[in-house]
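Only one structure is covered here, and it is reproduced in the block below.
The values are calculated or read from the model by the stated rules, or taken from the named source; none is laboratory data. Here the structure is a predicted model, which means the values were calculated and not measured. FYI the Cβ positions are ideal-geometry reconstructions off the backbone, even for glycines, and counts take in every protein chain you see.
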Amino acid sequence: MNPQPLLELLEKHDQRHILAHYQSLKSAQRESFIRGLGPLGLASVLTLYRKFSRPESSIPHSSRIEPAFILPIPKTEEEVQRRKEAQELGESLIRGNEVAVLIVAGGQGTRLGFPGPKGIFPISPIKKKSLFQLFAESVRAICGRYRATLPLLIMTSEENHEETRAFFKSRDFFGLKGEFVHFFRQGMLPTLTPDGKLILKDAENLLAHPDGHGGSLKALYDSGLAGWLKTQGVSELFYCQVDNPLAKIADPAFIGVHRQENAEISTKVVRRRDPEEKVGIYGRVDGKPAIIEYSDFSPEDYRSLDEKGNLRYWAGNIAIHMISLSFVERMNREGFALPYHRALKEVEGLGAGGRSEKMTGLKFETFVFDAIPLAKKSICMEVPREEEFAPVKNQAGPDSPDTARQAMTNLFTRWLIGAGAKVFPGVQVEISPLFALDKNELKEKLGEKEVEVREDTYFG
């Protein structure tokens with residue numbers, strides 16, 4: 001690999017400390033160092049630094065923020081009928097092999113005190129199945145129900161790619177066909193100091209970070225997987241993040257609404273728990289649908305109520321989307337279209353004396369929801385929080401494994417009671433996706449049996 005273009009790039013952007021370090025290396029080390037620079041998007045991040053010379057809000061202060069139209073949870077006869085038609089349409093798209101599942105899983109379980117990819121974390125109430133197993137079993141159950149093939153795409157990171165692949169392989173892909181389970185790495189970008197200097201991770205590598213969940217759409221395209229999906233007849237992607245065990249994988253009603261509305265990207269939201277819950281809000285910015293970070297609201301607006309006494313900005317983003325494959329291609333065809341955001345975080349790199357030390361690092365990331373304003377049309381639908389959202393983000397307290405397991409038990413208990421079963425207080429319940437994907441399938445499975453759940457019980 002010819003090092004000259006990269007060395008000239010470093011010179012152009014005043015990275016003389018990196019050039020000096022390169023010159024101090026032995027020949028083999030120099031080759032390794034240059035090879036490591038290749039996939040890092042060096043030119044992009046150095047150009048981005050010039051553009052973002054100081055912290056900025058993702059929403060300009062002059063912008064007009066207002067609530068957006070959101071399809072409600074069906075209540076009227078007309079709404080119920082319309083959702084039933086969407087369900088049937090979504091089911092037909094699944095049967096026609098037009099849907100793939102994309103799970104963003106680049107993170108580690110560090111915040112959970114878990115030494116491995118977050119998707120490997122054991123989460124189910126009784127069997128302690130991993131997040132990955134629950135999702136894979138859901139895909140398998142859907143394939144069986146509709147006699148279909150749904151490709152499962154897992155976006156990993158440099159940090160967890162090999163371990164994630166090995167995990168699936170060692171478990172025989174949880175019964176899925178291996179040729180329809182694909183792993184691809186998200187991109188990496190160099191980390192900078194606040195004054196724009198590249199940071200060394202060690203003697204032969206720059207410090208780098210993943211390019212954000214928005215990078216899934218770029219990596220899907222760059223890896224060739226988007227093109228492969230097209231050859232398989234896939235037209236729509238179901239997208240979710242790995243840390244929500246209640247995500248309703250490839251929900252036919254959601255798929256159908258997305259297609260009914262001819263949307264390029266669609267979003268699920270839940271009602272905020274209270275005025276203090278800090279989540280991105282689905283709203284409108286200067287007339288266009290968008291996800292608005294809570295930090296872009298004034299505290300007064302974020303907590304404001306409407307004329308009925310309800311939160312004015314209630315639609316909390318839960319990172320579940322339908323995305324048309326043609327939209328992914330359009331966003332990438334002439335250079336990746338998503339905007340970059342900057343964040344200052346504590347990192348560890350080589351200091352001036354060549355010793356590892358903690359310092360402030362500047363990271364650039366993209367967010368998948370920034371695709372919403374770029375779409376020709378987008379749609380948003382409300383879903384019940386207790387049925388579809390139980391994130392696993394913290395080791396204890398809110399949004400922790402304990403709260404997620406309780407949410408799962410609560411949901412399965414409601415399914416059982418709805419099917420005529422008696423569930424005694426305090427018991428834990430787990431229902432495998434392979435036994436029942438939803439309350440209707442459970443009711444059908446149990447039939448007229450008299451079921452009493454007196455102790456912790458697994459239905460599988």
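Data table
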quantity: Among residues of the stretch 279-288, those that are part of a loop (DSSP other than H, G, I, E, B) and β-branched (Val, Ile, Thr), counted; calculated: 1
quantity: Qualifying residue in the stretch 326-337 (condition: modelled with pLDDT under 95, of a type in the set (Asp, Glu) and under 20 Å from the mean Cα position of the chain (by Cα)); calculated: no
quantity: Residues satisfying the stated conditions in the stretch 250-278, i.e. more than 23 Å from GLY96 (Cα to Cα) and assigned to a loop (DSSP other than H, G, I, E, B); calculated: ARG272, ARG273, ASP274, PRO275, GLU276, GLU277, LYS278
quantity: Residue check for LYS363: in a strand (DSSP E or B) and either within 24 Å of GLY109 (Cβ to Cβ) or free of Cβ contacts under 8 Å to residues at least 24 places away in the same chain (or both); calculated: yes
quantity: Hits in the stretch 357-386 - residues which are surrounded by 21 or more Cβ atoms within 10 Å (Cβ to Cβ), more than 25 Å from ILE73 (Cα to Cα) and among the β-branched types (Val, Ile, Thr); calculated: THR366
quantity: Set SER295, SER326, SER266: member being polar (S, T, N, Q) and surrounded by 14 or more Cβ atoms within 10 Å (Cβ to Cβ); calculated: SER266
quantity: Where LEU89 falls short, out of the listed (1) more than 30 Å from TYR294 (Cβ to Cβ); (2) buried (at least 22 other Cβ atoms within 10 Å of the Cβ); calculated: (2)
quantity: Matching residues in the stretch 99-122 - criterion: being more than 15 Å from VAL392 (Cβ to Cβ) and either surrounded by fewer than 20 Cβ atoms within 10 Å (Cβ to Cβ) or without any contact (Cβ under 8 Å) to a residue 40 or more places away in the chain (or both); calculated: PRO115
quantity: Within the stretch 198-242, considering residues that are touching a Lys or Arg at 6+ places or on another chain (Cβ under 7 Å) and farther than 18 Å from ASN332 by Cα, the one modelled with the highest pLDDT; calculated: VAL242
quantity: Qualifying residue in the stretch 409-429 (condition: over 20 Å from LYS128 (Cα atoms), outside the structural domain of PHE121 (by TED's automatic domain parsing), assigned to a loop (DSSP other than H, G, I, E, B) and basic (Lys, Arg)); calculated: no
quantity: All positions within the stretch 181-216 that are assigned to a strand (DSSP E or B) and among the basic types (Lys, Arg); calculated: ARG185, LYS201
